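Enquirer: Below you will find the structure I want to go over with you.
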Amino acid sequence: MIDFSPPAHVQTAVGDIKRFIADDIRPMERELADYLTNEHLYLQADGRLAPPILAAQRTIRKMSAERGLYALHMPTEVGGGGFSLTDMFFVHEAVYQHGIGLSQWMLSWTEGPNQMQMWLSEEQKQRYLLPLVRGEQTAAYAITEYRGGSDVLGMQTRAERRGDGWSLNGTKAYITNAQYADQIFVCALTEPDKGSAGATAFIVENDAPGLSIGRTYRTIMDDGMTGELIFDDCRVPLDNTWGREGQGFYLSMGMINWIRVRRGGMCSGLGQYLLDRCIDYTKNRQAFGGPLSRFQALQWMMVDSYLDVQAMRSMALHSLWTADQGNLWALKVDPQLIQTVCGLKVFCDEALYRVADRAVQLHGAYGLSKDSGIEKIFRIARNLRIPGGTDEIQRVNIAKALGL
Ligand SMILES: Cc1cc2nc3c(=O)[nH]c(=O)nc-3n(C[C@H](O)[C@H](O)[C@H](O)COP(=O)(O)OP(=O)(O)OC[C@H]3O[C@@H](n4cnc5c(N)ncnc54)[C@H](O)[C@@H]3O)c2cc1C
């Protein structure tokens, strides 16, 4: 029988997370409340994060790493917590049940360590991975380009051997943490005729000659985190390939799988947070001589959100348990496993979007106002359905595994 209750080590971590949020992060959020509720303050004129927000992010990341929470998902041999994907469901859920403020920065997202870095050499792990695990540095993963989004191998960025190193040329678009990263994972074509075996991954330091940071995008989230990276004869040492030549596409897919599996706890946590807010609001809001919650039309919306949250939890726990039985961090992953994690992503992203849409509706004008924090989660939920592979690309992968 499969037991999905959180084991003791996970319960301890969840307790530590809740204390960290209550004792340290909530006071920081109160101090920065003006910045968090007003995007004119949250972002600078160039779209980047305001310095106090960036500083808070760094502080939280560092504190979380010191408490052993930031890299719970990484193997213990590199200083992580050794948690399974199923364990991490409860960790992500515990953080996101508090909504969106500063608390999400306590866990590694795109900017932190992930399991594909176990493909680095021992020397590279010391130099690049351990500072990420300790929360001292951050990273960015640069795969997407203007002409290569879902069609990853449509990318134009080329890497060629030049002298005693590599020369990279091209532009990467919509890259999370591009503006702030110390180290960048870049996927570039080395032998374009070889298809998926024709790409190689590189680690590029942020001061590499020929690398410049382009624009910061104003996206639906307006989170100041998405930027452009330009490689103009960018020089990279010969031994800064990540894995071997020709493995870049598979390493990139591994990064994307890490984004996919995180969605379970994130979406169900945010869904539960929104449902709690809806119940509380409709019980307290008076209209037509009583609380809004007495109207069955509104009750059913909350019942549907409850069902979505329960379905997300069940789907995520079962999918993550299945993924724990295989090896998601191999270079070539079993298509059935890909099907499982793609199913998890598309199901949870779409379910959270429905819950967030209902939450805005149930809160009326207040739900649309920046004061409520509800519309922000709605915008985040809408965003989730594109990065990490769109809804359609998850379905394309599932269809392939179904033999279609
Ligand atoms: C906030 C944000 C953060 C991001 N962070 C990163 C990052 O850190 N690193 C990184 O490398 N990238 C990042 N991305 C890019 C993201 O991964 C891509 O936007 C995504 O993969 C989709 O690519 P695209 O935008 O080029 O859309 P396109 O590929 O042009 O797709 C457009 C539409 O066509 C559909 N479509 C495309 N191909 C098919 C098909 N075969 N069958 C059916 N439908 C199809 C898509 O589903 C979509 O609806 C980020 C994007 C955003 C918005």
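Enquirer: Consider region 120-148. How many of its residues are charged (D, E, K, R) and either under 27 Å from residue 212 (Cβ atoms) or in a loop (DSSP other than H, G, I, E, B) (or both)?
Expert: 5
Enquirer: Would a scan of region 161-177 turn up a residue that is over 26 Å from residue 76 (Cβ atoms), within 16 Å of the ligand (Cβ to nearest atom), touching a residue at least 12 places away in the same chain (Cβ under 8 Å) and touching a Lys or Arg at 6+ places or on another chain (Cβ under 8 Å)? Give the derivation first.
Expert: Step one: of region 161-177, the residues over 26 Å from residue 76 (Cβ atoms) are 161-176.
With the extra rule that they be within 16 Å of the ligand (Cβ to nearest atom), the set shrinks to 168, 170-176.
Applying the additional criterion that residues be touching a residue at least 12 places away in the same chain (Cβ under 8 Å) yields 168, 170-176.
Right, trim to touching a Lys or Arg at 6+ places or on another chain (Cβ under 8 Å) and you get 168, 170.
Looking for residues that are over 26 Å from residue 76 (Cβ atoms), within 16 Å of the ligand (Cβ to nearest atom), touching a residue at least 12 places away in the same chain (Cβ under 8 Å) and touching a Lys or Arg at 6+ places or on another chain (Cβ under 8 Å), one finds at least one in region 161-177, hence yes.
Enquirer: All but one of (1) without any contact (Cβ under 8 Å) to a residue 60 or more places away in the chain; (2) more than 15 Å from the ligand (Cβ to nearest atom); (3) within 24 Å of residue 329 (Cβ to Cβ) hold for residue 186; which doesn't?
Expert: So the condition that residue 186 fails would be (2).
Enquirer: Show me the helices (runs of 4 or more DSSP H) found entirely inside region 29-119 where at least 2 residues are in contact with a strand residue (DSSP E or B) (Cβ under 9 Å, 6 or more places away or on another chain). Don't jump to the end; show me each part of the working.
Expert: Details: elements: 33-37, 39-42, 51-66, 85-96.
Qualifying helices (runs of 4 or more DSSP H): 51-66.
Enquirer: If you don't mind, another one. Going by what's in this entry, would residue 156 be described as in a loop (DSSP other than H, G, I, E, B), more than 11 Å from the ligand (Cβ to nearest atom), among the polar types (S, T, N, Q) and within 28 Å of residue 209 (Cβ to Cβ)?
Expert: Spelling it out, residue 156 is indeed in a loop (DSSP other than H, G, I, E, B), more than 11 Å from the ligand (Cβ to nearest atom), among the polar types (S, T, N, Q) and within 28 Å of residue 209 (Cβ to Cβ).
Enquirer: Next up: When you go through (1) touching a residue at least 24 places away in the same chain (Cβ under 8 Å); (2) within 13 Å of the ligand (Cβ to nearest atom) one by one for residue 361, which number turns out not to apply?
Expert: If we test residue 361 against (1) touching a residue at least 24 places away in the same chain (Cβ under 8 Å); (2) within 13 Å of the ligand (Cβ to nearest atom), just (2) comes out false.
Enquirer: State which residue is farthest from the ligand (Cβ to nearest atom) when the search covers only region 380-404 and only residues that are closer than 17 Å to residue 99 by Cβ and buried (at least 17 other Cβ atoms within 10 Å of the Cβ).
Expert: 381
Enquirer: State yes or no: is residue 225 in contact with a helix residue (DSSP H, G or I) (Cβ under 8 Å, 6 or more places away or on another chain), under 16 Å from residue 111 (Cα atoms) and either at pLDDT below 95 or not small (Gly, Ala, Ser) (or both)?
Expert: So residue 225 fails the test.
Enquirer: Answer with yes or no whether residue 176 is in contact with a Leu (Cβ under 8 Å, 6 or more places away or on another chain) and crowded, with 18+ Cβ neighbours inside 10 Å. Steps first, please.
Expert: Numbers: in contact with a Leu (Cβ under 8 Å, 6 or more places away or on another chain): no; crowded, with 18+ Cβ neighbours inside 10 Å: yes.
No; evaluated as a whole, the condition is false for this residue.
Enquirer: Quick one: would you say residue 347 is surrounded by 15 or more Cβ atoms within 10 Å (Cβ to Cβ) and either within 14 Å of residue 221 (Cβ to Cβ) or within 15 Å of the ligand (Cβ to nearest atom) (or both)?
Expert: no
Enquirer: Can you report the number of residues in region 357-404 which are small (Gly, Ala, Ser) and over 23 Å from residue 256 (Cβ atoms)?
Expert: 7
Enquirer: Hey, among 121, 150, which residue is within 29 Å of residue 323 (Cα to Cα), more than 12 Å from the ligand (Cβ to nearest atom) and small (Gly, Ala, Ser)?
Expert: Selected residue: 121, the only one of 121, 150 that is within 29 Å of residue 323 (Cα to Cα), more than 12 Å from the ligand (Cβ to nearest atom) and small (Gly, Ala, Ser).
Enquirer: OK, next. Can you tell me which residue among 320, 292 is within 24 Å of residue 118 (Cβ to Cβ) and either out of contact with any His (no Cβ under 7 Å at 6 or more places or on another chain) or exposed (fewer than 14 other Cβ atoms within 10 Å of the Cβ) (or both)?
Expert: Values: 292 fails: within 24 Å of residue 118 (Cβ to Cβ).
Every option except 320 fails the conditions.
Enquirer: If you don't mind, there's one more thing I want to ask. Does region 264-278 hold any residues that are surrounded by 23 or more Cβ atoms within 10 Å (Cβ to Cβ) and not polar (S, T, N, Q), and which are they? Walk me through how you get there before you give the answer.
Expert: Going residue by residue through region 264-278, those that are surrounded by 23 or more Cβ atoms within 10 Å (Cβ to Cβ) are 264-271, 274, 278.
Across region 264-278, the qualifying residues are 264, 265, 266, 267, 269, 270, 271, 274, 278.
Enquirer: Report, ordered by the first and then the second residue, all pairs with beta carbons closer than 6 Å, sequence separation of six or more or different chains, a first member in region 381-401 that is within 11 Å of residue 345 (Cα to Cα) and not assigned by TED's automatic domain parsing to the domain that holds residue 177, and a second member that is within 6 Å of the ligand (Cβ to nearest atom) and not aromatic (Phe, Trp, Tyr).
Expert: Taking only residues 6 or more apart or on different chains, the pairs are 393/150.
Enquirer: Okay, moving on. For the condition more than 16 Å from the ligand (Cβ to nearest atom), surrounded by 18 or more Cβ atoms within 10 Å (Cβ to Cβ), touching a residue at least 12 places away in the same chain (Cβ under 8 Å) and not charged (D, E, K, R), what is the one hit in 241, 216, 226?
Expert: None of the others qualify; the one that does is 241.
Enquirer: Restricting attention to region 134-147, which residues are more than 16 Å from the ligand (Cβ to nearest atom) and of a type in the set (Gly, Ala, Ser)?
Expert: The answer is 135, and nothing else.
Enquirer: Take residue 375 and decide whether it is within 16 Å of the ligand (Cβ to nearest atom) and of a type in the set (Asp, Glu).
Expert: On the way: within 16 Å of the ligand (Cβ to nearest atom): no; of a type in the set (Asp, Glu): yes.
Judged against the criteria, residue 375 is not a match.
The values are calculated or read from the model by the stated rules, or taken from the named source; none is laboratory data. Remember, it's a predicted structure, so these values are computed and weren't measured experimentally. Every residue, glycine among them, receives a Cβ derived from its backbone with ideal geometry; neighbour counts consider all protein chains shown.
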